[in-house]
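The values are calculated or read from the model by the stated rules, or taken from the named source; none is laboratory data. Bear in mind the structure is a predicted one, so any value in this text is a computation, not a measurement. Methodologically, a virtual Cβ is constructed for each residue, glycine included, from the backbone with ideal geometry; neighbour enumeration extends over all protein chains shown. Only protein heavy atoms, including side chains, enter the accessible area calculation; ligands, DNA and RNA are left aside. Shrake-Rupley method; radii C 1.70, N 1.55, O 1.52, S 1.80 Å.
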Amino acid sequence: MSAASGLPAGQPTAVDNGAQIARRRQRQEWWISLPSVLWLLAFFLTPTLIVLAITFKPADPYGNIGAGWTLDTIRSLGNPNYPSIVWRTIWISVVATVICLVTAVPFGYYMARAPEKRKALLVMLVMVPFWTSFLIRIFAWKVLLHPEGYIHRFLRLFGIVNEGDLLLYNPEAVLLVLVYTYLPFAILPVYAAAEKFDFHLFEAALDLGCNRFSAFSRVFLPSIRRALVTAALVVFIPALGSYVIPDIVGGNASEMIGNKIAQRTFIDRNLPHAAGLAGILTLSTVIPMLIVLGVQRRQARVTVPRRKRGAT
Amino acid sequence: MAAFLELRGVTKKFGDFTALNDVSLEIRRGEIFSLLGPSGCGKTTLLRVCAGFEQPDAGRVILDGHDITDLPPNRRRLNTIFQSYALFPHLTVRENIAFGLRVARRPAAEIKREVGQTLALMQLEEHADKRPALLSGGQKQRVAVARALINKPEILLLDEPLAALDLKLRQRMLVELDNIHDEVGITFIFVTHDQGEAMSISDRIAVMHEGRVEQIGTAAEIYEAPRTSFVAAFIGDTNFFDGQVLGPDTNPDYCQLAIEGFTDIISFNDKRLPTGQLAHLSIRPEKFRISRNPPPPDPFLNRISGTVEEIIYQGTHTNFWVRAGEYRVAVRQPHSRFKLDQEIITWKDAVWLSWHADDGCMLEQYRADDESLLSLPDPDDAHPAPGGTTGTTPPAASGRQRGIAT
């Protein structure tokens with residue numbers, strides 16, 4: 001190639017140089033990411049593999065892990081109760097995610113468009129709940145929803161609920177508190193993306209014939225789609241694994257996988273069984289994430305042609 | 001010719017700030033009409049009122065006989081080229097251009113055909129499937145123009161469309177825009193702060209200042225016959241002399257003018273400024289003749305004497321700075337022949353400046369507190385060449401070397 005470029009032999013061409021620089025940069029970047037790779041290996045991947053491995057160990061009567069290998073746990077996961085619990089876990093998480101997104105998008109949009117001063121106030125209001133302990137906030141909901149609590153009494157005033165109705169200990173209560181808990185996590189990425197959104201694009205859409213609604217759906221939503229994916233994952237994944245919320249405001253009919261894992265670990269003292277359930281939970285988180293990653297990668301390919309990607 | 005787009009008494013306030021103050025103007029079908037003025041003069045607000053992004057507090061916008069003041073932007077047959085282009089980053093060039101047709105739910109085959117034609121017209125075919133992030137500034141601009149034109153708007157609104165481009169590209173795109181205008185024949189409203197852009201592309205120009213239209217006219221009209229001191233100072237370079245009308249000449253089109261340090265000044269007085277009125281006499285640098293010998297007497301030729309302080313040879317012309325009384329006068333002497341068309345004048349030479357009474361422009365004095373005029377480029381820093389408004393301030397009167405009324 002040096003002959004073609006007319007340079008003396010042995011002298012690297014610009015192409016060579018570029019490739020070399022890219023390689024060196026890649027090596028440097030690898031060193032920079034080494035600590036986090038080690039961290040993930042030691043504290044995430046290894047424990048996950050250990051937990052998965054425990055699934056194939058027998059349980060001993062004292063709550064320890066027995067010697068040898070067995071498929072007993074896998075067989076017992078066929079327990080007819082489980083599919084309904086897994087199903088409930090998934091639909092509660094999906095509905096919570098959808099409600100959070102549907103609420104977060106207009107709220108994040110409004111925050112981004114608010115005047116600077118009000119913006120700061122709104123961000124603070126979103127963050128304020130984090131200043132109170134998570135547990136205390138969940139218990140507070142229990143107090144509010146209790147038959148003698150304010151919400152129950154308020155709704156009774158308007159005849160929406162009757163004396164004997166329970167607002168607590170059902171899937172809807174779990175859903176309500178899940179949305180309450182994870183909504184800020186959904187709002188923040190949407191707000192961050194909406195803040196960066198160039199609202200001239202909105203005007204351009206109006207200019208090209210959109211009404212406000214179609215400008216919103218054709219231009220604003222696609223522009224913040226990454227934030228929407230982030231927000232969805234940030235709500236969906238913790239919701240799948242939630243344990244405290246269904247434990248406190250949920251009843252028997254609203255158990256989620258998290259509750260079953262806790263029950264198997266602390267009450268039944270059957271660690272392999274708990275590990276098996278945890279494995280199901282892990283898979284059900286990893287699979288949607290892989291799907292999302294795949295979709296994003298495909299979109300990235302459409303956005304940036306191949307040669308460009310190699311260089312950056 | 002009847003007005004195609006008409007603004008009647010449009011006023012727009014943002015809080016205490018009056019962006020548009022009772023603006024009325026008429027734009028003709030098919031012309032390139034420029035809104036020219038310094039930043040904050042209201043030109044962009046005026047464009048946004050036309051596009052429908054801003055609702056005027058008072059006044060009406062009438063397009064082709066129909067009142068469109070209350071129509072939302074999507075129901076107006078106008079399209080805008082934004083300063084930042086506002087291309088949709090999540091769509092390819094092709095999809096960006098097709099956007100308006102898709103929103104209008106036109107049949108797919110028609111969209112495909114129209115987009116193909118537009119891509120060809122704007123020479124964007126090879127970039128059709130790229131995202132805007134991968135385009136150069138000039139390409140982005142062509143996409144923005146294509147995206148607007150495909151909707152066949154009645155009027156194309158261009159908001160500083162060249163501001164984001166570098167100088168070379170700006171000149172090329174200006175020619176391109178002009179060609180597109182000739183080709184599609186629709187009305188262009190062009191917002192710019194650059195007088196060069198405005199003068200080279202426009203059929204007519206509205207010079208705006210502090211929310212008002214100061215003057216509407218062709219490039220030559222606003223340059224040669226500015227109606228206000230602001231227009232004279234903003235368009236091109238000029239010298240201002242402070243004077244007072246002594247009285248009309250025998251010909252009432254002319255008047256005698258008292259300017260401190262000079263005698264027998266006569267000027268064309270098209271505005272019929274009355275006797276006793278304080279006035280600015282604005283004279284463009286190229287209107288002066290400079291010579292070492294006194295020019296022959298002529299009742300319409302004004303003559304003043306001075307000393308050359310500075311000479312800058314620029315090839316096509318030479319800029320002189322001449323001290324005449326209290327004024328430092330900028331003079332531009334064009335060279336039509338190689339060094340032969342003039343006597344050699346050097347530093348410290350005593351010279352005569354002369355100009356014809358018709359070449360001065362009498363203007364009402366503007367307020368000394370007009371900050372936007374004082375912030376015009378200072379000719380005395382870096383390049384003492386006549387650039388911006390040139391200095392004629394009596395040095396003793398004020399420490400400012402800015403040259404605007406003190």
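Results, tabulated for the structure shown:
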{"item": "Among (1) surrounded by fewer than 22 Cβ atoms within 10 Å (Cβ to Cβ); (2) in contact with a strand residue (DSSP E or B) (Cβ under 7 Å, 6 or more places away or on another chain); (3) within 14 Å of chain A (Cβ to nearest Cβ), the one test that B:C50 misses", "result": "(1)"}
{"item": "Verdict on A:A59 being among the aliphatic types (A, V, I, L, M), surrounded by 15 or more Cβ atoms within 10 Å (Cβ to Cβ) and touching a Gly at 6+ places or on another chain (Cβ under 8 Å)", "result": "yes"}
{"item": "Residues (in a loop (DSSP other than H, G, I, E, B), at the interface with another protein chain (Cβ under 9 Å from one of its Cβ atoms) and either in contact (Cβ under 8 Å) with a residue 60 or more places away in the chain or open to solvent by 60 Å² or more (accessible area, probe 1.4 Å) (or both)) located in the stretch B:70-98", "result": "B:F82, B:Q83, B:S84, B:Y85, B:L87, B:P89"}
{"item": "Tally, over the stretch B:115-136, of residues that are within 14 Å of another protein chain (Cβ to nearest Cβ), open to solvent by less than 80 Å² (accessible area, probe 1.4 Å) and part of a helix (DSSP H, G or I)", "result": "5"}
{"item": "Strands (runs of 3 or more DSSP E) contained in the stretch B:143-217 and holding at least 1 residues within 14 Å of another protein chain (Cβ to nearest Cβ)", "result": "B:155-159, B:187-192"}
{"item": "Only listed residue being touching a Phe, Trp or Tyr at 6+ places or on another chain (Cβ under 6 Å), of a type in the set (G, A, S) and closer than 20 Å to B:G40 by Cα, chosen from B:G236, B:G196, B:G211", "result": "B:G236"}
{"item": "Enumeration of residues in the stretch A:201-251 that are of a type in the set (F, W, Y) and either within 12 Å of another protein chain (Cβ to nearest Cβ) or more than 29 Å from A:I90 (Cβ to Cβ) (or both)", "result": "A:F202, A:F213, A:F216, A:F220"}
{"item": "Helices (runs of 4 or more DSSP H) enclosed by the stretch A:45-139 - at least 2 residues per element that are more than 16 Å from A:A275 (Cβ to Cβ) and small (G, A, S)", "result": "A:81-113"}
{"item": "Subset of the stretch B:137-146 (residues that are open to solvent by 10 Å² or more (accessible area, probe 1.4 Å) and at pLDDT 90 or above)", "result": "B:Q139, B:K140, B:R142"}
{"item": "Subset of the stretch B:226-258 [open to solvent by 10 Å² or more (accessible area, probe 1.4 Å) and either among the β-branched types (V, I, T) or part of a loop (DSSP other than H, G, I, E, B) (or both)]", "result": "B:R227, B:T228, B:G236, B:D237, B:D249, B:T250, B:N251, B:P252, B:D253"}
